[in-house]
Amino acid sequence: MLTTDEYRIQIQPVAFTTKKADRSQEKAIRRVMIDLVEEAAAERTFSDLLDSVIEGTLSSAIYADAKTIYPLRRVEVKKLTLEARPAEVAAEEAAAVDVDESDLAVDG
């Protein structure tokens, strides 16, 4: 996902429940985590996002939303990976090839 200042990052949050949750509850908690992480990245700069991860505000937001699905013991950000800096993202976009759908061969 991209931050507002064009850093491409990967964030891996983890949530621990008090007991074994059902599969549907696990999926719902995962969906909440993904949505909140993507939303946080889309509206913050890299340094602001890093601050929210370090201070625990992102984890707190995930905990507050996901605890309504199933009781949680703890929510943390396991890993934050910087995948590309703005210059690298721009170089990848410049090297990307635009494909016109009319040029694609469809078997059928």
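The numbers here are math on the coordinates, done by the rules we state, and not lab data. Note that the structure is predicted; figures quoted are calculated from it, not measured. Don't worry about glycine lacking a Cβ; one is built from the backbone with ideal geometry, like all the others, and counts go over all protein chains shown.
Within segment 59-84, the set of residues being under 13 Å from A21 (Cα atoms) and buried (at least 18 other Cβ atoms within 10 Å of the Cβ) comprises A66, I69, Y70, L72.
Taking the options T68, T4, name whichever one is under 15 Å from the mean Cα position of the chain (by Cα), assigned to a loop (DSSP other than H, G, I, E, B) and of a type in the set (V, I, T).
Selected residue: T4, the only one of T68, T4 that is under 15 Å from the mean Cα position of the chain (by Cα), assigned to a loop (DSSP other than H, G, I, E, B) and of a type in the set (V, I, T).
Pairs meeting the criteria (first residue in segment 1-21 and closer than 13 Å to V89 by Cα, second residue part of a loop (DSSP other than H, G, I, E, B) and among the charged types (D, E, K, R), beta carbons under 8 Å, at least 6 apart or on different chains) are T3/R44; T4/R44; Y7/R85.
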